[in-house]
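A.B. asks: Got a structure for you, written out below as structure tokens; questions coming shortly.
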Amino acid sequence: MGGSVLVGLDGTGNSEPAVRWGAEEAAVRNLPLHLLHSWVSQPWSVSLVPEDADRRRYGTEVLRRAEATARDLHPGIPVKVEQVAEEAADALAERSGECTLLVLGSRGHDSIAGFLLGSVSLRVLGRAKCPVVTVREEESSVGPGPEIVVGVQEPGTALGPAVLAVLHHSRCPVAVVPRT
């Protein structure tokens, strides 16, 4: 694994924690950061805008803010921005084969709802070809620090340790949940 750290963005408040997490991982691993936004898969308020040009302008602003955040946190990391005209889940799943790690924001208000309500995350998780981290907003975290749950398809296979390696430098408690 030697590709970039890919972060999928929709421009909501869920995107900023994902950008921060992705930028940190890229810096720690000495990898480039790849920020991706789909202008055809946008939040409800933007999706209702009828003009494609307005939706593209929104996407450009989302990527500009995310890139500025990443560069402020880690000025030395290379950052690539990409706006696509394909469904977000399809674009992220396709590019996951070329990256080391895929980072997504999560919607929802608690640990279960946060993972169930992110439709793009759910569609990407089953198709991703690399480890995926779903980052929740810090304000909604329960307990003294962020909680991390790791799901693996087959406990004991090579994939489990690869997923856990993503969290190597984290000081957060990790729970491994085998998929049954």
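A.B. asks: Taking 7 Å along the Cα-to-C-beta vector as the label spot, tell me the Glu61-Leu73 distance in nanometres, rounded to one decimal.
C.D. replies: 2.2
A.B. asks: Would you mind computing, in nm to one decimal, how far apart the modelled labels at Lys80 and Lys129 are, each placed 7 Å from Cα along Cα→Cβ?
C.D. replies: 1.4
A.B. asks: For Leu101, enumerate residues with amide H under 5 Å from its amide H, sequence gap 5+ or separate chain, H modeled in the peptide plane.
C.D. replies: Leu6
A.B. asks: Please sort 25-37, 3-15, 62-74 by packing, taking for each peptide the average over its residues of neighbouring beta carbons within 10 angstrom, highest first. All intermediate terms of the calculation are to be shown ahead of the outcome.
C.D. replies: Values: 25-37: 20.7, 3-15: 22.8, 62-74: 17.4.
The most tightly packed comes first, giving 3-15, 25-37, 62-74.
No value in this document is a laboratory result; all are computed from the given coordinates. Being a predicted model, the structure only gives us computed values, none of them experimental. Virtual Cβ from ideal backbone geometry, glycine too; neighbours counted across all protein chains shown.
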